[in-house]
1. So the check is Cβ under 9 Å with 6+ separation or different chains; which pairs have a first residue in segment 133-154 that's assigned to a helix (DSSP H, G or I) and a second one that's of a type in the set (Asp, Glu) and open to solvent by less than 80 Å² (accessible area, probe 1.4 Å)?
2. Go through segment 79-104 and give me each residue that's hydroxyl-bearing (Ser, Thr, Tyr), under 15 Å from the mean Cα position of the chain (by Cα) and at pLDDT below 90.
3. Identify, by number, the condition in (1) open to solvent by 40 Å² or more (accessible area, probe 1.4 Å); (2) modelled with pLDDT under 90 that Asn183 doesn't meet.
4. Collect the residues in segment 155-173 that are part of a strand (DSSP E or B) and either surrounded by 14 or more Cβ atoms within 10 Å (Cβ to Cβ) or of a type in the set (Phe, Trp, Tyr) (or both), keeping them in residue-number order.
5. For segment 106-143, what are the residues that are modelled with pLDDT under 95, open to solvent by 40 Å² or more (accessible area, probe 1.4 Å) and either within 14 Å of the chain's Cα centre (by Cα) or charged (D, E, K, R) (or both)?
Amino acid sequence: DESRGSLTGQEVIVLVPFKTLIVLPFAYPFTAATQIREVLRLKVRALLGDRVSDLFLVPLTTDKKGKNSRGAAFLLTSGESGDLEKSLSGERHIFWPVPLAFVSEVNGSGLIIWADQQQLCSLWVEDWIPQLYRWVPRSEGDIDAERALFESYAKSMGRDIEQLLIREESDDGKEDLQKIAGNTLAGCPHYKGLDLSSKGADTAEQRERIL
């Protein structure tokens with residue numbers, strides 16, 4: 001799979017068009033990271049059954065107010081990120097789904113559709129919280145169909161998609177990605193805690209236990 005990188009400090013954000021990624025937004029009346037993870041595990045097991053054993057879970061809390069927390073859970077097959085990790089060496093690499101880098105371009109709320117010649121990667125966010133992610137090969141979808149699908153999904157939940165951003169791979173040079181990803185981190189510093197590499201997922205869970 002192709003990936004695009006941008007430098008942030010001493011780390012390299014590798015933007016990946018994940019095929020197996022699932023995003024689940026959450027809102028809970030508690031803030032403890034271990035509790036959030038455990039409740040999400042139960043929810044995911046109820047939704048996916050035995051499939052959950054093939055996935056790793058990375059919760060991202062973007063908002064805490066009093067005893068309440070909001071954010072999104074990212075679920076990914078370990079094989080998809082593991083294969084890419086083996087091909088990289090050198091700097092510390094952090095894996096993001098490609099559209100996440102562009103969230104600042106819709107001011108934290110909107111639909112981002114990223115496309116190249118082989119695939120479409122789409123992400124809907126509200127108030128910087130990912131709501132729905134989808135990957136589809138170009139042979140099975142197009143930008144208009146993706147937009148309609150996401151708009152229909154949002155309306156079924158009584159919500160509207162506020163903005164639309166379409167990015168073609170050819171639009172983005174390395175320096176542009178560097179700046180855009182930096183703007184997104186500035187808009188939501190909590191994103192810095194997201195790493196969808198298998199190593200990053202393990203590190204996040206270990207950190208939660210300590211804290």
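1. Every condition considered, the pairs that remain are Arg138/Asp116; Ala154/Glu126.
2. Listed by number, the list holds a single entry, Ser81.
3. It is condition (2) that Asn183 fails.
4. Leu164, Leu165, Ile166, Arg167, listed by residue number.
5. Those that are modelled with pLDDT under 95, open to solvent by 40 Å² or more (accessible area, probe 1.4 Å) and either within 14 Å of the chain's Cα centre (by Cα) or charged (D, E, K, R) (or both): Arg138, Glu140, Asp142.
Each row is one residue, and each column tells you yes or no for (1) in contact with a Cys (Cβ under 7 Å, 6 or more places away or on another chain); (2) over 15 Å from Cys188 (Cα atoms).
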site: Thr61; (1), (2): no, no
site: Lys67; (1), (2): no, yes
site: Ala73; (1), (2): no, yes
site: Thr77; (1), (2): no, yes
site: Pro99; (1), (2): yes, no
site: Phe102; (1), (2): no, no
site: Ser122; (1), (2): no, yes
site: Pro130; (1), (2): no, no
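The values are calculated or read from the model by the stated rules, or taken from the named source; none is laboratory data. From a predicted model like this one, the values you see are computed outputs, not experimental measurements. Heads up, the Cβs are rebuilt from the backbone with ideal geometry, glycines too, and the neighbour counts pull from every protein chain shown. To get the accessible areas, we keep the full protein, side chains included, count just its heavy atoms, and leave off ligands, DNA and RNA. Shrake-Rupley method; radii C 1.70, N 1.55, O 1.52, S 1.80 Å.
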